[in-house]
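Heads up: the structure comes next, in structure tokens.
The values are calculated or read from the model by the stated rules, or taken from the named source; none is laboratory data. Fair warning: this is a prediction, and the values are worked out from it, not measured in the lab. Cβ atoms come from the backbone with ideal geometry, glycine included; neighbour counts cover every protein chain shown. Areas reflect the complete protein model, heavy atoms only, side chains present, ligands, DNA and RNA absent. Shrake-Rupley method; radii C 1.70, N 1.55, O 1.52, S 1.80 Å.
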Amino acid sequence: MMKPLISVPALFLVSSLGVLAAVAPAGAEAPTSTDPAALTAHARSLLHAGKLKQAEDELRTAAKLRGQDVDSLYELARVEFATGDLRRAKSACKALTTKDDKAVLSQVCQARAFLVWRRASRAEEYLDKARAIDPSHPEVLLAFADMKRLTGDLGASKDAYQQVLGLDPNNVEAYFGLGELALVLPDREAAKSAFRKALEHEPEWTQAQYELGRLVDGAEAVTLLEKAVAARPDWTEARLSLGIARLQTGDSVAAETLFRELLKTQPKNPAVHSRLGMVLAAKHDFAAAQAELTQGLAGLPNDAEAVLALGRVYAETDRSEEAFTQFRSAASLDRQNPTPLLEAGMFALKISRNALAQAFLEKALERAPKSAQAHASLADSLLARGDKAGAKTHYKRALEGDGAIDRKDVQHRLDALP
């Protein structure tokens, strides 16, 4: 099954009584086949959980019960959106236009079909028609928000998502869209908050599990990504992210096993080679780690994490100039991340390149002004160069800074200064 390029569109359906159907958990028992609203709600959750065939079966039953009206046909079209197949999506939308080509959902459906493949300009044609019919319809607003996100009009996108939440505070699609929008900004904390909100209302949503799992750390990341992989075992990106999460939690054995399994089916995947290289570096098998990282970077040269990992390998094997080159490259590729500069500074300190250490650490502090480790290391470099006053200042800032450091040791160094 192909992964869609954007989230499945909002699963928002007004029942024949005008009441919003509640979303039923995907794992819950299937509702009675005589209740179309309940069937539709359950099918939405099945779609989010990646169970497309089951969702389609329930939606077809609901559509029959509703007399194949436009709303129920739109629900069926969601299954095709989720496949990522433009031809099938357009075919599903044809059923709506045949039924009523003037209906707002007929226009939204065709816009959604093009949004699946990020053809925003084509989608806009149909959204203009939909907005002329009903500009405040939740489906219109959600499709408009997605289109604006894809075209880079982030303010308009956010406003539209917020309008949907004003109509329906529990709308999971709007929260998910806000999460994707925050990734573009980028704003990791806002993204995490939005994806958490989506999962509060739809705990089995595999795409939300994957997105949040990539943003958080530790056991939470492993748990979320394990769920996503269990639902979609062939999802390469999720398996790769799970391996990374396991490595970060110290489970290098499980991470290596997963990466090697991926390489059996995708022997030329550069990201997998690079992550296997990181595992091997953690095992201190630096020769093999360098080979894997080099192969990965040959195919994906702008992979900042892999560039940094190769710099670490060079540092561990006493190739200082190669290490500094990699650290600089990683810092250039990821301009908000202080880690490459911090690690470069700390490595320079280790080999008594104190002036160079100071330069790297000052740049690291430009990116992370409250980093306790950067302040402490900068103080060490200043002290090594005879600047006791400067060292004293930065030791104090280290004690007040953010992040884990040995504060007793820093205090001891500070107390030793006149």
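Numbers below:
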{"quantity": "The range 87-204 - charge dipole about Cα centre, Lys and Arg +1 at Cβ, Asp and Glu -1, debye rounded to 20", "calculated": "560"}
{"quantity": "Loop trypsin sites (Lys or Arg not before Pro), the range 308-381 (other Cβ atoms within 10 Å of the site Cβ: 14 or fewer; DSSP)", "calculated": "335, 370"}
{"quantity": "The chain - charge dipole about Cα centre, Lys and Arg +1 at Cβ, Asp and Glu -1, debye rounded to 20", "calculated": "640"}
{"quantity": "Bins of 10 Å, starting at 0 and running to the largest distance - Cα pair percent for the range 194-346", "calculated": "12, 36, 35, 14, 2, 0"}
{"quantity": "Modelled FRET efficiency - R0 56 Å, residue 319 with residue 91, Cβ distances, 0.05 increments", "calculated": "0.45"}
{"quantity": "Cα-based reach from residue 396 at 20 Å (exclusive), listing lysines while leaving out same-chain residues under 8 positions away", "calculated": "363, 370, 388, 408"}
{"quantity": "Förster radius 51 Å - calculated FRET efficiency between residue 159 and residue 34, Cβ distance, rounded to 0.05", "calculated": "0.80"}
{"quantity": "Highest to lowest packing among 50-61, 401-412, scored as the average C-beta count within 10 Å", "calculated": "50-61, 401-412"}
{"quantity": "Calculated Rg and Dmax of the range 289-418 using C-alpha coordinates, Å", "calculated": "15.5, 54"}
{"quantity": "log₁₀ of I(q)/I(0) at q = 0.11, 0.13, 0.15 Å⁻¹ - the range 23-160, Debye sum with one point per alpha carbon", "calculated": "-0.39, -0.55, -0.73"}
{"quantity": "Accessible-area composition of the chain, carbon plus sulfur, in percent [1.4 Å probe]", "calculated": "50"}
{"quantity": "Cross-link partners of residue 90 among aspartates and glutamates (Cα-Cα below 19 Å; sequence separation of 8 or more within a chain)", "calculated": "56, 69, 71, 75, 80, 100, 101, 124, 125, 128, 139, 146"}
{"quantity": "Whole-angstrom gap from the range 397-418 to the range 86-164, using each part's C-alpha centre", "calculated": "56"}
{"quantity": "Whole-number accessible area per residue in Å² for the chain, which is evaluated in the context of all protein chains at 1.4 Å", "calculated": "46"}
{"quantity": "Radius of gyration and Dmax over the Cα atoms of the range 199-279, both given in Å", "calculated": "12.2, 38"}
{"quantity": "Residue-averaged [θ]222 nm for the chain, counting only DSSP H segments that reach four residues, each worth -39500 (n - 2.57)", "calculated": "-23000 deg cm²/dmol"}
{"quantity": "For the range 130-176, the Rg and Dmax computed from alpha carbons only, in angstrom", "calculated": "9.8, 26"}
{"quantity": "Candidates per trypsin sites (Lys or Arg not before Pro) in the range 73-106, loop by DSSP, up to 12 other Cβ within 10 Å", "calculated": "102"}
{"quantity": "Value of relative contact order over the range 186-254, rounded to a whole percent, pairs C-alpha under 8 Å and six or more apart", "calculated": "24"}
{"quantity": "Between 0 and 90°, nearest 10: helix 218-231 axis offset from the chain longest Cα axis", "calculated": "40"}
{"quantity": "Options 284, 331, 258, ranked by Cα towards positive dipole end of the range 249-343, top entry (Cβ charges)", "calculated": "258"}
